[in-house]
Amino acid sequence: MRLHATTVRGLSALAIFALAGCSQGSAASSGPMSSPTVPVHPDGESALALAPLSSTALAKLLLDESDLGGDYTRIPQRAAAHDDVTVSCPALEKLGGDAATGTSLAFPRKAKASFTYAGGGNSELAEELYSDTAAKLSKGIGEIFDAMVSCPTYQVVSGSTVVTVGTQVTPAPDLGDEQWSQLLTYSIGGQRSVVKQTAIRIGNVLVLVSGAPGLVDANLERALDKAEAAL
């Protein structure tokens, strides 16, 4: 049984993982990730202290097939699963809700899209966009990434399905105002899947790209450029 990135992201924190998918290699680290300082004006406000974008506005900024090329096919969004899920990582369990299972971040303004890639063994790519104040975005995504890397290995149990998850911090590209990145390794039934998740905050928008590591690296800047056009 192949472990799809979108399936994994529904079982563990973030994914895109994987997405999804998600999210869903580099040097490993079990400590929390530090974030760069956000530029501020003398009055203490961030340089891009803009009003949050609506979910409708965010949806227009998502990548689509015309941005990605003919090898990508968009996957219809699946209904969120509400099965009982247990996570053997205290920091993630403490977060609770969708944040702990990776179905969504706790921001009301959001949009997401997932794609299959025909050019690489049916690999998957997912993009999620969130908008809120810079401070809330930074705190929310930072707490989840820090919680995940606090448990280098943990298990996610949904019904009779047991997924072993390994986490590694990876260097994030020097883009936007703040950056987070990690590799997630999922093992289930003798199968193994690796998902990269990279999150970049640009002002009041958080861009989270998850999926096969090569696809994330190839499309991250494209996703940022499209989102940044609205700022």
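Which members of region 165-182 meet the condition of being farther than 23 Å from L231 by Cβ and either of a type in the set (S, T, N, Q) or surrounded by 20 or more Cβ atoms within 10 Å (Cβ to Cβ) (or both)?
V165, T167, Q168, V169, T170, Q182
List pairs: first in region 151-169 and within 11 Å of D84 (Cα to Cα), second of a type in the set (D, E, K, R) and not in a strand (DSSP E or B), Cβ under 8 Å, 6+ apart or cross-chain?
Once the first residue is within 11 Å of D84 (Cα to Cα) and sits in region 151-169, its partners that are of a type in the set (D, E, K, R) and not in a strand (DSSP E or B) give S158/D83; S158/D84; G159/D83; G159/D84.
Could you look through region 183-205, keep only residues that are out of contact with any Gly (no Cβ under 7 Å at 6 or more places or on another chain) and among the hydroxyl-bearing types (S, T, Y), and pick out the one that is modelled with the highest pLDDT?
Filtering region 183-205 for residues that are out of contact with any Gly (no Cβ under 7 Å at 6 or more places or on another chain) and among the hydroxyl-bearing types (S, T, Y), the one modelled with the highest pLDDT comes out as T198.
Would you mention how many residues in region 143-157 are outside any loop (DSSP other than H, G, I, E, B) and touching a strand residue (DSSP E or B) at 6+ places or on another chain (Cβ under 7 Å)?
8
Tell me the residue from S66, S104, S114 that is modelled with pLDDT under 90, within 30 Å of A51 (Cα to Cα) and either part of a helix (DSSP H, G or I) or in contact with a helix residue (DSSP H, G or I) (Cβ under 6 Å, 6 or more places away or on another chain) (or both), please.
Just a single option satisfies the conditions, and that option is S104.
Answer yes or no as to whether G140 is modelled with pLDDT under 95 and more than 17 Å from A212 (Cα to Cα).
Against the criterion (modelled with pLDDT under 95 and more than 17 Å from A212 (Cα to Cα)), G140 qualifies.
Assess whether A227 counts as being over 19 Å from R109 (Cβ atoms) and not acidic (D, E).
no
Would you point out the residue of region 206-221, among those that are among the small types (G, A, S) and assigned to a strand (DSSP E or B), that is farthest from the chain's Cα centre (by Cα)?
Looking at residues that are among the small types (G, A, S) and assigned to a strand (DSSP E or B), I get G211.
Could you please find all residues in region 127-153 being under 18 Å from A57 (Cα atoms) and out of contact with any Phe, Trp or Tyr (no Cβ under 6 Å at 6 or more places or on another chain)?
Across region 127-153, the qualifying residues are E127, E128, L129, S131, T133, A134, L137.
Specify which of the listed residues (V156, V162) is touching a Ser or Thr at 6+ places or on another chain (Cβ under 6 Å) and either surrounded by 15 or more Cβ atoms within 10 Å (Cβ to Cβ) or over 21 Å from E228 (Cα atoms) (or both).
V156
With (1) at pLDDT 95 or above; (2) in contact with a helix residue (DSSP H, G or I) (Cβ under 7 Å, 6 or more places away or on another chain); (3) in a helix (DSSP H, G or I) as the list, and L224 as the residue in question, which single condition is left unmet?
(2)
Could you check region 158-205 and list, in sequence order, the residues that are small (G, A, S) and either more than 25 Å from L137 (Cα to Cα) or in a loop (DSSP other than H, G, I, E, B) (or both)?
Hits for region 158-205 are S158, G159, S160, A172, G176, S187, G189, G190, S193, G203.
The values are calculated or read from the model by the stated rules, or taken from the named source; none is laboratory data. Values in this document were obtained by computation on a predicted structure and should not be read as measured data. Methodologically, a virtual Cβ is constructed for each residue, glycine included, from the backbone with ideal geometry; neighbour enumeration extends over all protein chains shown.
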